[in-house]
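Since the structure comes first, as structure tokens, the remarks are kept for the end.
Every number in this text was worked out from the coordinates using simple rules, so none of it is lab data. From a predicted model like this one, the values you see are computed outputs, not experimental measurements. When we count neighbours, we look across all protein chains shown, and the Cβ atoms used for this are built from the backbone with ideal geometry, even at glycine.
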Amino acid sequence: MVHVSLPRTLGALLAMSWLGTPFGCGGGITPPVPEATAVARLAGSVEVAWYDTAGKKPQGPNTAGLTDGRLVQIRLNALADASALESLPDLRRLNLDGAALSGPLPCKTLQHLSISGSPGFNPSWLAGCTSLESLELVRSDLATLDGFPALAGLQRLHLGHNPITSLAGLPALPELTHLTVVGSKLDSMTSLRPQPKLANIVAPGLVETPATETAATEAPSPFGRNEVLGIDIPPPPNPWVDAVTESKGSTSGLTTQCTVVPLGNFKLTCDFGVERLSGMVPLKVHIGTTHKQPGVMATLSVQKGTARLYMPYFGKYQYVEATPGNPVEVQGILGKAWRSAAKLGMYQVVVQAMDGDAEGRIGGGGAGVLGAGDLQGLLRQ
């Protein structure tokens with residue numbers, strides 16, 4: 001089995017990498033006047049560091065990121081005038097940490113919203129966030145989800161570290177795939193109404209399986225029987241997609257070190273180092289010529305942000321997501337398309353930063369190539 005470890009320490013070398021980042025305006029960027037005026041209204045008296053999202057992000061609790069001269073993301077720990085959001089038509093990402101809110105949020109353009117430490121927050125204030133794809137509402141003394149709006153495009157919902165006792169107020173969310181309730185006061189998942197696409201629930205200590213999870217595992221499998229191997233191919237244990245379409249992405253501090261032993265049992269160890277990951281990036285793994293159908297093991301962890309790893313599985317791609325302190329592991333199967341030595345590993349594993357940049361260090365792993373018998377064993381694990 002070939003191990004590609006994207007690892008447990010995605011972060012070991014990064015623990016101090018931020019120390020070289022200066023505070024301030026992100027390299028002397030002069031923001032457009034309308035955007036600067038709106039941000040000044042939002043932030044009140046706190047100083048905001050402006051930066052270009054194509055460069056290095058400044059440290060500090062209050063930042064504003066420009067892409068091609070357009071303000072696309074803001075992080076604040078104070079919110080003086082929420083109505084100023086209406087003056088930012090290109091804003092896609094907003095992080096509020098410790099910012100007090102007292103009413104509806106003008107958030108029509110937002111795709112990603114993170115609210116932390118806002119006691120007394122009322123979920124009904126999100127009714128205008130009709131474009132949201134991901135929402136974090138944590139550490140805000142949220143005891144009920146009554147009034148939670150039916151956000152048609154919401155895919156990821158994090159409600160961690162709130163004194164929630166029931167999920168009954170959560171409406172049917174047609175695109176929801178990920179739900180996190182870490183640190184809640186729930187003692188059961190039975191209050192969760194059916195969510196047609198929900199495939200990943202993070203709820204430590206809650207062992208009851210909601211009806212939505214059963215529905216997801218009973219979905220028709222696109223894999224079926226492999227007559228060449230003589231085995232039935234089950235669906236992967238993780239969420240999967242038909243294909244991975246590469247989107248714009250970048251890395252900084254990327255290093256790759258692979259050691260290949262081509263003779264005998266064929267062994268490979270790869271170590272990837274990534275200081276900062278933005279968007280989606282394929283990691284190349286050149287393992288040389290093999291006529292086997294090898295299995296792959298990978299682990300992924302991050303120090304900051306959320307990173308997703310796409311792993312091939314009989315022509316499809318399953319994926320897992322890592323957050324700080326929560327590493328993930330995934331097994332994959334290389335298909336026939338990867339038997340060419342010239343192409344093997346070109347897009348073998350793909351990593352993606354999900355909510356802003358991810359930081360850490362990827363590393364370590366090792367093993368050998370599988371034959372058909374070993375492949376059956378891997379699938380049964």
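Which three extents, in angstrom, do the Cα atoms of region 105-182 have along their principal axes, listed largest first?
Answer, in whole Å and largest first: 28, 23, 19 Å.
Residue separation times 0.36 nm, minus the C-alpha to C-alpha distance between Ser124 and Asp141: what's the value? Can you show the working numbers first?
Numbers: separation 17, 0.36 × 17 = 6.12 nm, distance 1.49 nm.
4.6 nm is the gain from fully extending Ser124 to Asp141.
Gain in length, Ser83 to Asp68, computed as 0.36 nm per residue apart minus the alpha-carbon separation, to one decimal in nm?
Working: separation 15, 0.36 × 15 = 5.40 nm, distance 2.43 nm.
This chain segment gains 3.0 nm when fully extended.
If you take every residue apart from Ala36 with its C-beta less than 15 Å away from the C-beta of Ala36, what net charge results, scoring Lys and Arg +1 and Asp and Glu -1? Display every interim value, and only then the final one.
Numbers: positive: Arg41, Arg70; negative: Glu35, Glu47, Asp52, Asp81, Asp90.
Once positives and negatives cancel, what remains is -3.
Using the number of other C-beta atoms within 10 angstrom as an exposure proxy, rank Val39, Val33, Val281 with the fewest first. Please report the intermediate quantities before stating the final value.
On the way: Val39 21, Val33 8, Val281 18.
With the fewest neighbours first, Val39, Val33, Val281 line up as Val33, Val281, Val39.
Distance cut-off 29 Å, Cα to Cα: go down the list Lys57/Lys108; Lys57/Lys248; Lys57/Lys284; Lys57/Lys185; Lys108/Lys248 and report the pairs above it.
On the way: Lys57/Lys108 25 Å; Lys57/Lys248 18 Å; Lys57/Lys284 26 Å; Lys57/Lys185 36 Å; Lys108/Lys248 24 Å.
Too far apart for the 29 Å limit: Lys57/Lys185.
I want the local charge near Glu136. Using Cβ-Cβ distances under 13 Å, sum +1 for each Lys or Arg and -1 for each Asp or Glu among the other residues. Walk me through the intermediate numbers first.
On the way: positive: Arg75, Arg93, Arg139, Arg156; negative: Asp97, Glu133, Asp355.
Taking every Cβ under 13 Å from that of Glu136, the sum is +1.
Using a cut-off of 11 Å between beta-carbons, work out the net charge of the residues near Leu157 (Lys and Arg +1, Asp and Glu -1, Leu157 not included). Could you put the intermediate results ahead of the total?
On the way: positive: Arg156; negative: Glu133, Glu136, Glu175.
Combined, the nearby Lys, Arg, Asp and Glu give -2.
In square nanometres, what is the average projected area of the Cα convex hull of region 17-217?
Details: hull surface 47.2 nm².
With every direction weighted equally, the projected area is 11.8 nm².
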